[in-house]
1. Of (1) away from ligand 2 (no atom under 16 Å from the Cβ); (2) touching a Pro at 6+ places or on another chain (Cβ under 8 Å); (3) not aromatic (Phe, Trp, Tyr), Leu201 satisfies all except one. Which?
2. Give me the residue from segment 351-372 that is surrounded by fewer than 21 Cβ atoms within 10 Å (Cβ to Cβ) and among the aliphatic types (A, V, I, L, M) and, out of that set, nearest to ligand 3 (Cβ to nearest atom).
3. Inspect segment 341-350 for any residue being surrounded by fewer than 20 Cβ atoms within 10 Å (Cβ to Cβ) and either in contact (Cβ under 8 Å) with a residue 12 or more places away in the chain or among the basic types (Lys, Arg) (or both) and give the result as yes or no.
4. Condition test on Ala210, is it away from ligand 2 (no atom under 16 Å from the Cβ), under 23 Å from Thr282 (Cβ atoms) and in contact (Cβ under 8 Å) with a residue 12 or more places away in the chain?
5. Test Ser172 against the stated conditions and say whether it is assigned by TED's automatic domain parsing to the domain that holds Leu279 and within 16 Å of Glu58 (Cα to Cα).
6. Given the criterion within 16 Å of ligand 3 (Cβ to nearest atom) and at pLDDT 75 or above, identify the matching residue among Val221, Val197.
7. For segment 324-343, which residues satisfy the criterion of being part of a helix (DSSP H, G or I) and touching a Ser or Thr at 6+ places or on another chain (Cβ under 8 Å)?
8. Any idea which of (1) in contact (Cβ under 8 Å) with a residue 12 or more places away in the chain; (2) not assigned by TED's automatic domain parsing to the domain that holds Ile408 is the one Asn283 doesn't satisfy?
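The values are calculated or read from the model by the stated rules, or taken from the named source; none is laboratory data. Small disclaimer: the values here were computed from a predicted structure and weren't measured. Note that we place each Cβ from the backbone using ideal geometry, even for glycine, and neighbour counts take in every protein chain shown.
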Amino acid sequence: MHQKFAHPHHHHHHHFRNKWRLNSSYNNNNNKVASTLSSSVIIMEEEMKKQEGEYSKELGIAVSVVQMACSLCQTVQESLVSNKSNSDQVQSKDDNSPVTVADWSVQATVSWVLSECFGSSYVSIVAEEDVESLSRSDNISLLEAVVETVNACLAEAPKFGLSCPVKSLGTSEVLEAISRCNSTGGPKGRHWVLDPVDGTLGFVRGDQYAVALAMIEDGEVVLGVLGCPNYPMKKEWLSYHHRYYWMMSKLSPSSSESWDQGCVMYAKRGSGEAWMQPLVNTNMEYVWPNSARPIRVSPIDDPTLATFCEPVEKANSSHSFTAGLAHSVGLRKQPLRVYSMVKYAAIARGDAEIFMKFAKAGYKEKIWDHAAGVIIIQEAGGVVTDAGGRPLDFSKGIFLEGLDRGIIACSGAILHEKIIGAVYASWDSSNL
Ligand SMILES: Nc1ncnc2c1ncn2[C@@H]1O[C@H](COP(=O)(O)OS(=O)(=O)O)[C@@H](OP(=O)(O)O)[C@H]1O
Ligand SMILES: [Mg+2]
Ligand SMILES: [Mg+2]
Ligand SMILES: [Mg+2]
């Protein structure tokens, strides 16, 4: 396949080059022996190019395919929300959580694109969904809807600088693409980690959800991309809840600005930068390359001014335990309860300062629910650990093995230490 990705953010190069030069003078671990000054300059230039370019192809493809996936999800969510008879498009999994046409379709689309770009025998993908219920004979119409949705989405690939299939994918190709994402990750090599729709409950309720794609190399998250179709570029627009407010009220916002546009965030490990671009509107003829702006965590470190986020559902995180922690560190604001990894996005962008999740004892957190969000917060200047203050371990397969009680993500070290201290002080008296 010809990869036609155009680098969307040329202005990065300048920053990165300067930073690299700075770092290299402190820590020159170039172990090649340079006999003359000029040859060492050449080696440095080569080394620099390698550094700049590292993962840039992977990141470009990941951002493009997440944009495509977001556009797919918007179409499906609109039809789910406006057409109540579509209830056969939402299924219940063994744990009673929902799964939809969008979850399977995004997984197939991302799998197909990554396989085309990197070779299906090389690419390892760890993702949430499988084909078990989708391939049952009583689910034919659901499977047909998935195949149609995937083909409609892939047909738009050229608008995003990616190639589309020469002819539409058949049912077996779509099933194959979904089930190819059955890698279990691990400590060695490169693994893509995908949550095709995170916050599926929010998605079916017409609310917040995210598409999350990350890449792990030798057990560390090196790339993260988070698509948030109902999380507008500006926080103020969130007060209108989301686009359906406008759809229903038939009001039109004052300016021609893209008030309804969601966003896609991304970061590369070690860059010290995280970026956000508007969600693309595929009605336009040319959508790529897209513009991006840097994002940064909030500067607030005073607990009385800080906002914390947590899952909407009590079943996913103890609201009473986090309320106790909030009280003991002096948080005063109401918690922001949001579906999905949009919580990570809110911290990375500075819309909130703290994210806490304490699942029930025995629940094992999965890597796809966290990988993309963690790296984006870290590169935007934040801190993410378990409740014991240790980094999350993405090297042990599909679960965050060894996670100590819960997850704490903060905009900075001061708030983070306070929360960790409060967990330490109150854990024994909690019933978790
Ligand atoms: N019992 C339990 N405890 C904790 N976490 C669980 C549990 N069950 C599921 N999950 C995972 O939580 C993901 C959704 O998390 P959220 O933070 O979006 O929760 S909430 O919907 O806002 O309540 C959700 O992700 P998606 O399935 O992608 O939506 C699950 O992976
Ligand atoms: Mg999830
Ligand atoms: Mg999911
Ligand atoms: Mg799910």
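1. The one condition Leu201 does not meet is (1).
2. Ala359
3. Within segment 341-350, one or more residues are surrounded by fewer than 20 Cβ atoms within 10 Å (Cβ to Cβ) and either in contact (Cβ under 8 Å) with a residue 12 or more places away in the chain or among the basic types (Lys, Arg) (or both).
4. Against the criterion (away from ligand 2 (no atom under 16 Å from the Cβ), under 23 Å from Thr282 (Cβ atoms) and in contact (Cβ under 8 Å) with a residue 12 or more places away in the chain), Ala210 does not qualify.
5. Working: assigned by TED's automatic domain parsing to the domain that holds Leu279: yes; within 16 Å of Glu58 (Cα to Cα): no.
For Ser172, the condition - assigned by TED's automatic domain parsing to the domain that holds Leu279 and within 16 Å of Glu58 (Cα to Cα) - is not met.
6. Unique residue meeting the criteria: Val197.
7. Restricting attention to segment 324-343, the residues satisfying the condition of being part of a helix (DSSP H, G or I) are 324-329, 342-343.
Once the filter is applied, which keeps residues that are part of a helix (DSSP H, G or I) and touching a Ser or Thr at 6+ places or on another chain (Cβ under 8 Å), segment 324-343 yields Gly324, Leu325, Ser328.
8. (1)
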